[in-house]
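**Student:** What follows is a structure written as structure tokens; I'll ask about it next.
FYI, it's all coordinate maths here, none of it is from the lab. Worth saying up front: this structure is predicted, and the values here are computed from it rather than measured. Using ideal geometry, Cβ is built from the backbone for each residue, glycine included, and neighbour counts are taken over all protein chains shown.
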Amino acid sequence: MFRSIANTFANCFKIPELKSRILFTLALLAVCRLMAYIVIPGVDGTALANFFKENEQANGGLLGMYDMFAGGAYGNCAIGALGIMPYISATIIIQLLTAVWPKLSKLAREEGGRAQIIKYGRYLTVLICLGQGAYFANGWQHPQSIFHGFQGQLVLISNPVWYLIQTVLIMTTGTMLLMWLGEQITDRGIGNGVSLVITIGIVARLPRAFIALQDMFFPPGGIESNYHLMGTGVMLILLLAMVIGGVIAITQAQRKIPVQYAQRAVGRKMYSGGTSFMPLRVNYSGVMPIIFAQSILMFPQPIFTNLANWIPVPFLQDFFRGIALQLGYGSVVYLAIYGLMILFFSYFWVATQFNELQIADDLKKNGGYIPGVRPGQGTSDYLHKAMSRITLAGAIFLTVIAIIPILMRSAMNIPYDVSQFFGGTSILITVGVLLDTMRQVESHLMMRHYDGFLKKGKLRGRF
């Protein structure tokens, strides 16, 4: 098996186009990782990074989760601290507006309209970066209000106005650069660029997760471990195997809709009918609902916390602090809203990306039909009903996988890095993106091997 995998990797570098795409992707991902370590001028990133490393409580919560998606850039006070999440948030907002605003919906169907909508998304990304960057910069300026237990000072610039302008502009530029790099990977590299930018940040935390896992059973300083090595180890292995196995199974699962093609004549040629199938993926939306839900839930708690600090009315302060507490990471309200948002975005993604009317129309034009289903509107209704049913199964799976690490941490007191990486969300994103990337690599390999097989057959036929 290992020899076969090694041969497959070797074959990837035998194809010039695929080789250049892979090397181009790796080079740009290296630039993305470099942006997570270049500290913003005037900010003591080392102090915050050490605080995140030593304080388990700082790793938890929404900021800890954001730091995970940013690949540790937020904890390092790096130029890529905002990560790619503002671009994803802008994409969500634009897609929602496209679904409910007739003018944008009409623009999306026009020629060149998609490019215009992408441009609107970029403008909105800049606005989100300015607002979120101001929040992060203000948090670094007053670290004790956000990072409980932090002692010292992060900002080394005496002029607060200049510090705020400089920091916000640098972080906004960093996010726009990450967005551009992701688009370049999608166009000229291999895989989905934005997804790979998120994945490489998650994978970069793998060493920390393994160190935290080791410290669970073998604490430093001779401290006795609170975890039973055999029982907890077996449980983690089974959980990891179940999560990875479930992710791969649900990602690859599909329902095959049989399609029959009638015999038809085109000019003087007669084309015989045949039987094929239409694959409907159970997890059609992939990891996007989880990313969408998390990117939106990062905003309410900081907004209500700031409102409680800014409004001088005591009654409103207590009210907003109570809402912020209820929306805290891991609370019952947070988990309920998180699960409902994943369900919603699963159906929303299918509604915006899966066009059953267009599919039914294409089948009718090409002489295809689903056995037992009337062409046209009947086929569209059948596909809509079938897709709604399998989407429910995929959405429930995504919800369970996303909530597993949060419950693991609260019920078993497992360290944050271990629960997040070996739990559900990180594994789901990593496995889903890697499977999608491997499918693209496989398509290049199959095209090359298919041509080589024909040539080999012809050579053999000559002798």
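**Student:** Which FRET efficiency, nearest 0.05, do ILE93 and MET278 yield, Cβ-Cβ r, R0 30 Å?
**Tutor:** It comes to 0.40.
**Student:** Follow-up question, since we're still on this one. I want to make sure I understand the PRE zone here: with the label point 7 angstrom from the Cα of ASP318 toward its beta carbon, which residues in the range 290-309 have backbone N atoms less than 20 Å away?
**Tutor:** Inside the label zone: 304-309.
**Student:** Would you mind computing, in nm to one decimal, how far apart the modelled labels at PHE299 and GLN377 are, each placed 7 Å from Cα along Cα→Cβ?
**Tutor:** Taking the simple label geometry, PHE299 and GLN377 are separated by 3.9 nm.
**Student:** With θ taken as phi - 60° and the coefficients 6.51, -1.76 and 1.60, list the Karplus ³J(HN,Hα) couplings across the range 12-24 in order, rounded to whole Hz; mark glycine and proline as x.
**Tutor:** 4, 8, 8, 9, x, 5, 5, 4, 5, 5, 5, 5, 5
**Student:** For every other residue with a beta carbon closer than 14 angstrom to the beta carbon of GLY432, add +1 if it is Lys or Arg and -1 if Asp or Glu, then tell me the sum.
**Tutor:** Result for the local shell: +1.
**Student:** Using the Karplus equation 6.51 cos²θ - 1.76 cosθ + 1.60 (θ = phi - 60°), what ³J(HN,Hα) coupling, rounded to whole Hz, does each residue of the range 315-325 give in order, writing x for Gly and Pro?
**Tutor:** Going residue by residue, I get 4, 5, 4, 5, 5, 5, 5, x, 5, 4, 5 Hz, with x marking Gly and Pro.
**Student:** For VAL155, enumerate residues with amide H under 5 Å from its amide H, sequence gap 5+ or separate chain, H modeled in the peptide plane.
**Tutor:** ASP44
**Student:** Could you work out the Kirkwood radius for the range 291-412, taking every pair of different alpha carbons, averaging 1/r and inverting it, reported in Å?
**Tutor:** That comes to 17.6 Å for the range 291-412.
**Student:** Amide H neighbours of GLN254 under 5 Å, at least 5 residues apart or on other chains, H built in the peptide plane: list them.
**Tutor:** The answer is VAL282.
**Student:** Shifting gears a bit: Output the pairs from LYS365/LYS385; LYS103/LYS385; LYS364/LYS385 with a Cα-Cα distance over 25 Å in this structure; if there are none, say none.
**Tutor:** LYS103/LYS385
**Student:** Oh, and also: Sorted by mean Cβ packing within 10 Å, highest first, what order do the peptides 187-197, 74-84 take?
**Tutor:** Highest-to-lowest ranking by the protection proxy: 74-84, 187-197.
**Student:** Could you give the length gained by full extension between ARG255 and LEU130, i.e. 0.36 nm per residue of separation minus their alpha carbon distance, to one decimal place?
**Tutor:** This chain segment gains 40.6 nm when fully extended.
**Student:** Amide H to amide H, which residues 5 or more places from MET278 or on other chains are under 5 Å from it, using H placed in the peptide plane?
**Tutor:** ILE257, VAL259
**Student:** In addition: Which ³J(HN,Hα) values in Hz, rounded to whole numbers, follow from the phi angles of the range 170-175 under the Karplus curve 6.51 cos²θ - 1.76 cosθ + 1.60, where θ = phi - 60° and Gly and Pro get x?
**Tutor:** Values per residue, Gly and Pro as x: 5, 5, 5, 4, x, 5 Hz.
**Student:** Taking the Cβ of LEU23 as the centre, find all other residues whose Cβ is under 14 Å away and add up their charges (Lys, Arg: +1; Asp, Glu: -1).
**Tutor:** Cβ neighbours under 14 Å give a net charge of +3.
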